[in-house]
Amino acid sequence: MKKLLIYIIFFFVTLGCKEKYLPSLTSPATGYLVVEGFISSGPQPTSISLTRTTKLYDATNIIYEHKAIVNIESENHTTFQLFENGNGVYISSSLNLNKNEKYRLQIKTRDNKEYASDFIRVKGTPEIDSISWKRENAGVRIYINTHDPQDATKYYHWKYEETWEIHSAFESTLKYRLDPVTNKILSLVYRNPATGSPDPIFRCWSAENSTNISLGTSEKLSKDLIYLPLLFIGPSSEKLSVLYSIRVKQYALSHEAYLFFEKMKKNTEQVGSIFDPQPSELQGNIHSTSNPAEPVIGYVDISEEKEQRIFISRTQLANWNFKLNCFATTIDNNVDSMNKYGKNLIPTQPVSYMGLAIKEFDAAPDFCVDCTTRGTNIKPAFWP
């Protein structure tokens, strides 16, 4: 027991002697330039994002690079200009580049610093064969299936956009009439007195873009065939509570681009313990022509974009048990009761009447009634 006590005391003393480690890393006040995106060689527009790195101890605010001059230049000096579309994103219309030429990205920032990528060959992308899904671990896993009949692609990158329909737990045909000065409830009224129909806050849509780096390669296979898991939707997720859609974009990569994104994936997704791959320097194909010693982060590749969309309906999923944790409160239709019990709730439906007047009604929290708190009630153009 005496030895055990000594070990315990030693453990806590050692724990208390830990010092915070502050690595001596420096970065310029404006940060290093970060370039993200692909040059689309086909009919789809090209989108390039320009941001700046922040210091290690700064808050995680994104610094966008505004008012830059961004061009795509061919070896024959033909140029295509990109225009800023907000938040440091520069876009072009369809380029339809010549597959027999090489191209590069040129950037001139508002402080007159200039950057350029290496000249790159145009790379074709095979079609997506299919997007499929399976029930796994009580959730749903989505797979990508593609191949190159010429066995020439080998390296692939995917991005995806998820969209899903969401419903409120309760429909609402009622609302409060409020005092514009005090914001007190004055009375209960119908949302649409002429029809009695609810406002469009029951049916909405939410969307999310991929944030992880999805890569695949067939370099160790005899045929250029790909069948890989793309993402997993957890059990009882709201994404599959009504109707879900995923739009997958596929890009062919050069070997150099694949190695760059593979290293970035390890740096951003797999670092967590001493047994994980440790951060490594990311050297891309973009350089500062004003100051060759200045680091630039990013890799620009040229590729066709191929895409495919699928839908998954809740009716295809047995026992998908998504449920909003919602409840309704019954309130008397008088000013005192409404201000006391219903102030932070949204009225839903009448419960009882006294003659033609509403005597009692139900009310519930906003996230249970108003789906615009979790999405938008503007229906996407592609939605069935």
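The values are calculated or read from the model by the stated rules, or taken from the named source; none is laboratory data. Given the structure is predicted, the values throughout are model-derived calculations rather than measurements. Note: ideal-geometry Cβ built from the backbone for every residue, glycine included; neighbour counts use all protein chains shown. Heads up: the accessible areas ignore ligands, DNA and RNA and are worked out on the full protein's heavy atoms, side chains in. Shrake-Rupley method; radii C 1.70, N 1.55, O 1.52, S 1.80 Å.
Non-local amide H neighbours of Y32 (under 5 Å, H modeled in plane, Pro and chain starts lacking H): which ones?
Here T53 satisfy the definition.
In the neighborhood of S218, defined by Cβ-to-Cβ distances under 9 Å, what is the net charge if each Lys or Arg adds +1 and each Asp or Glu adds -1?
-1
In Å and on Cα atoms, what radius of gyration and Dmax does the stretch 47-122 show?
Radius of gyration, then largest Cα-Cα span, for the stretch 47-122: 14.2, 46 Å.
At 10 °C and 1.306 mPa s, what whole-number value in µm²/s does Stokes-Einstein give for the translational diffusion of the stretch 149-275, with Rh from the Kirkwood sum over Cα pairs?
81 µm²/s
Compute the angle between helix 2-16 and the longest alpha-carbon principal axis of the chain, please, reported from 0 to 90 degrees and rounded to the nearest 10.
Tilt of helix 2-16: around 80 degrees.
Go ahead and set up a Gaussian network model of the chain, Cα springs under 10 Å, then flag whichever of R309, R52, R191 fluctuates most.
Taking springs between Cα atoms under 10 Å, the residue moving most is R191.
Residues with beta-carbon under 11 Å from that of G234, excluding G234: net charge, scoring Lys, Arg +1 and Asp, Glu -1?
0
Run down the aspartates and glutamates and flag those whose C-alpha is under 18 Å from the C-alpha of K108, throwing out any fewer than 8 positions away in its chain.
K108 reaches E36, E65, E73, E84, D118, E294.
Please give the peptides 99-109, 85-95 ranked by average Cβ packing (other Cβ atoms within 10 Å per residue), highest first, as a rough proxy for protection.
In descending order of packing, they fall as 99-109, 85-95.
Taking +1 at the Cβ of each Lys and Arg and -1 at the Cβ of each Asp and Glu, which of H255, L188, P229 sits farthest along the dipole of the stretch 150-289 towards its positive end, judged by Cα position relative to the Cα centre?
L188
To check my understanding: the extent here is largest minus smallest coordinate of the Cα atoms along each principal axis. What are those three numbers for the stretch 333-378, in Å, largest first?
Rounded to whole Å, the extents work out to 38, 22, 12 Å.
Working with all protein chains in place, sort L33, L188 by solvent-accessible area computed with a 1.4 Å probe, largest first.
Heavy-atom accessible area, descending, gives L188, L33.
What order do you get for 178-187, 144-153, 238-247 when each peptide is scored by the mean count of other beta carbon atoms within 10 Å, highest first?
Ranking the peptides 178-187, 144-153, 238-247 by packing returns 238-247, 144-153, 178-187.
Mean projection of the alpha-carbon convex hull of the stretch 278-384 over all orientations, in nm²?
17.1 nm²
Quick check: Cα centre of the stretch 94-124 to Cα centre of the stretch 312-372, how many Å?
Taking the Cα centre of the stretch 312-372 as reference, the centre of the stretch 94-124 is 56 Å away.
In the stretch 103-172, if every C-alpha pair distance is counted and binned at 5 Å from zero, what percent goes to each bin?
The percentages, shortest bin first, are 3, 9, 12, 12, 12, 11, 11, 9, 9, 6, 4, 1.
Please figure out what share of the DSSP beta bridges in the chain is antiparallel and state it in percent, rounded to the nearest 5.
95 percent
With all protein chains present and a 1.4 Å probe, how do M354, M264, M338 order by accessible area, largest first?
In descending accessible area the options line up as M354, M264, M338.
Lysines near K323 by alpha-carbon distance under 17 Å, same-chain residues fewer than 8 away left out - which ones?
K239
Kindly provide log₁₀ I(q)/I(0) values, in the same order as q = 0.12, 0.19 Å⁻¹, from the Debye equation applied to equal alpha-carbon scatterers of the stretch 36-169.
-0.70, -1.15
Tell me the relative contact order for the chain as a rounded percent, counting alpha carbon contacts under 8 Å between residues six or more apart.
It rounds to 18 percent for the chain.
If I fit a long axis through the Cα atoms of helix 255-269 and take the longest principal axis of the Cα atoms of the chain, what angle between them do I get, 0 to 90°, rounded to 10?
Compared with the principal axis, the helix lies near 40 degrees.
K154: accessible area at probe 1.4 Å, nearest 10 Å²?
Rounded to the nearest 10, that gives 50 Å².
So for the stretch 198-333, what percent of the C-alpha to C-alpha distances run longer than 19 Å?
Tail of the P(r) past 19 Å holds 71 percent of the pairs.
Would you work out the charge dipole size for the stretch 257-382 about its Cα centre, treating the Cβ of every Lys and Arg as +1 and the Cβ of every Asp and Glu as -1, and quote it to the nearest 20 debye?
440 debye
How big is the shadow of the Cα convex hull of the chain, averaged over all directions, in nm²?
32.2 nm²
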